[in-house]
Structures are given as structure tokens and as C-alpha cells.
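Q: I'd like to ask you about the structure that follows.
No value in this document is a laboratory result; all are computed from the given coordinates. From a predicted model like this one, the values you see are computed outputs, not experimental measurements. Reconstructed Cβ throughout: ideal geometry from the backbone, glycine too, with neighbour counts over all protein chains shown.
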Amino acid sequence: MCPQNYMQFLISQEDIVNNKFTIKGPEARHLIKVLRAVPYEKIRLFDGKGKIYSGEITTIKRDVLSGKILSKIPCNTKKFKLRLFVSLIKNERFRLLLEKVTEVGVNEIIPVITSRTVFGIPKDRIDEKHSRWQRVILSAVKQCCCEKIPEILKPIAFSDIFSCIKENEITLILYEHEEKTTVREALSMSKPESPILNLIIGPEGGFTEGEVDYAKKHGFIPVTLGNNILRAETAAVVGCALINYEILLQNLRV
């Protein structure tokens, strides 16, 4: 979360020279025309790759805003990467999912088309949708003061998930018919050399038995989030939050 009275805005490293910064384009317009930024106002700047700065606005000219860097803010970088494979769902709910999993600390999101995915995207609209998803994620990052912008890929087929996984990564699949193994228990059974954790979440109708069996053959551990059947977007948020919390408890975070 951002410090009180601070706003976080994206800036390229090329726009920081000799401890002075320049903000142009959409970020500058938002600051000037929507937030009514004024000289001497303090803001928080980030490059989306892990570098964060405290800055102060000095001049505002039309669509360009300039200022000085006050300090570099230390980052609490995680030692592990959380990759989420999630089935496509309806537009508004998928946007909500992207926003909330970004807030709870996901690092990479890969939309998936499963046997029961009911919401598809025409091929000629994939680029448009992908750009919208990126904007949703960026907005969430700015609001919650994440250090890095999560990457979102274009949709892939369920069978293509397993080519994305490397040996020794933690691999979990949320499955409504799993009754015993919790996220905590699954993590305690996994001690990867590579600190990357993969989580698969299915569509509204859940995974087919064949998909779950296929995932298990590739090393995925079915886990439960409890007795209740959750919506896909709820399961995504709860699953990602639980994983971050449990790994924090295991002292795998700086």
C-alpha cells in the first residue's frame, strides 16, 4: 500500500536524468487534468521492474510534468515467483480477477482455455483484449504500490500449460473434489530448487477428471480451499493470497 498522501506513477528509467524526472503521456495527463497535481507535491515513482523513488513535482507545462528525485525507496522483493494459470471467464469478472490477484502479489498471469471454458475470444480481438488486461493490471499496481508490474500473456490451451513448467517448480491445481490436501500441506511437501510456484484455476464448471488426471501426471498437486464451491475469481484471489502468506511463514521471503 502507498504511504498516505502519496501517489504512485509509472516512469521509464530513460526519463530520470541526474536525479531529475520527466513524466509525459497518459501518466502526465492523469496527474495534471484528473488529480490536479501542483508544484511541490510529493509523488511515488516506479519503473515497473523493481525500482521505486520518492519525488517532488517542480514544474508543470501542459502535458509534461517535471520534478526532482528525493530518494530511492528500498524494495521488499520476494524470493519466489507466483505464476497463475486461470481459465477465461466473463469480461467484468475477469477484469476483477486481474485487479485483485495483482493486489495480493501474483507475478505472472496466463489465461487458459479448458474443456469447460464458456467464454472465448475471437482471434481478431485477442490483441485488443490483451491491451485492456495490461491496463487493468497497471491501474491495480499503481493503486496498491506493487514494486513490479505482473506480466500477462495471451491465452493458451490447457495442454500447453505443461510446456511452461520447468523441473523442480512447485505445481498446484485447485480442485473442488479434493478433500484433504490444503495449500499449506502441499507447500510443505515441495522444496524446489527454483523458487517458482505455479497455480492452476479452472472455469465456472471446474476441471474435467481427465484434465485433473493429466495435471497430476505432470506433477501437479490437487489442493482444496475448503468445503465451499468458490467462483473462479474468488478462488484465484484466495489461492494466491494463501500461497503468499504460507510462503511468508516459511521464511522464503526477504
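Q: Ordered by residue, what ³J(HN,Hα) values in Hz, to whole numbers, does segment 195-201 give under the Karplus form 6.51 cos²θ - 1.76 cosθ + 1.60, where θ = phi - 60° and Gly and Pro are x?
A: x, 10, 10, 10, 10, 10, 10
Q: Follow-up. In whole Hz, with x marking every Gly and Pro, tabulate ³J(HN,Hα) for segment 202-208 from phi via Karplus 6.51 cos²θ - 1.76 cosθ + 1.60, θ = phi - 60°.
A: x, x, 4, x, x, 7, 6
Q: Taking only C-alpha pairs under 8 Å that are 6+ residues apart, what is the relative contact order of the chain in percent?
A: 21
Q: In debye to the nearest 20, how big a dipole does the chain give about its Cα centre with +1 on each Lys and Arg Cβ and -1 on each Asp and Glu Cβ?
A: For the chain, the charge dipole is close to 1120 debye.
Q: On to the next question. Counting only residues 5 or more places away or on other chains, whose amide H sits under 5 Å from the amide H of PHE9 once H atoms are built in the peptide plane?
A: ARG44, LEU45, PHE46
Q: Can you give me the long-range amide H partners of ILE109? Hydrogens built in the peptide plane at 1.01 Å from N, cutoff under 5 Å, separation of 5 or more residues or another chain.
A: LEU84, GLU151, ILE152, LEU153
Q: Choose one answer from GLY55, GLY219, GLY120: the residue with the largest mean-square fluctuation in a GNM of the chain with alpha-carbon springs under 10 Å.
A: GLY120
Q: Take each of the peptides 196-204, 123-131, 14-22, average the number of other beta-carbon atoms within 10 Å over its residues, and list them starting from the highest.
A: In decreasing order of mean packing, 196-204, 123-131, 14-22 become 196-204, 14-22, 123-131.
Q: Moving on to the next point. Pull out the extension gain between ASN19 and ARG116, defined as 0.36 nm times the separation in residues minus the alpha carbon to alpha carbon distance; nm, one decimal.
A: Gain on stretching ASN19 to ARG116: 29.7 nm.
Q: With a 10 Å radius around each residue's Cβ, average the other Cβ atoms per peptide and rank 155-161, 43-49, highest first.
A: The densest-packed peptide leads the list: 43-49, 155-161.
Q: Would you work out which of VAL136, GLY205, CYS240 lies farthest towards the positive end of the dipole of segment 95-254? Charges go on Cβ: Lys and Arg +1, Asp and Glu -1.
A: My answer, from the dipole projection, is VAL136.
Q: Skipping prolines and chain starts, which residues have an amide H placed within reach, meaning under 5 Å, of the one on VAL223, given they are 5 or more residues away or on another chain?
A: Amide H to amide H, under 5 Å and 5 or more residues apart or across chains, VAL223 pairs with ILE173, LEU174, TYR175.
Q: Can you give me the three principal axis dimensions of the chain from its C-alpha atoms, in Å, biggest first?
A: The principal-axis extents, from largest down, are 61, 44, 31 Å.
Q: Rounded to whole Hz and in sequence order, give me ³J(HN,Hα) for segment 109-114 from the Karplus expression 6.51 cos²θ - 1.76 cosθ + 1.60, θ = phi - 60°, writing x for Gly and Pro.
A: 10, 10, x, 10, 9, 9
Q: Between GLN250 and ASP63, what is 0.36 nm times their sequence separation minus the Cα-Cα distance? Round to one decimal in nm.
A: Extra length available between GLN250 and ASP63 comes to 62.6 nm.
Q: Now for a separate question. Considering only Cα-Cα distances, which of the following residue pairs are longer than 29 Å: LYS42/LYS78; LYS33/LYS154; LYS24/LYS123; LYS129/LYS180; LYS61/LYS100?
A: LYS33/LYS154; LYS24/LYS123; LYS129/LYS180; LYS61/LYS100
Q: For segment 1-134, what does the relative contact order come out to in percent, with C-alpha contacts under 8 Å and a separation of six or more?
A: Reported as a whole number, the value is 18 percent.
Q: Here's something else I'd like to know. Where does each of 177-188, 135-146 land if you order them by average Cβ count within 10 Å, highest first?
A: Top to bottom by mean Cβ count within 10 Å: 135-146, 177-188.
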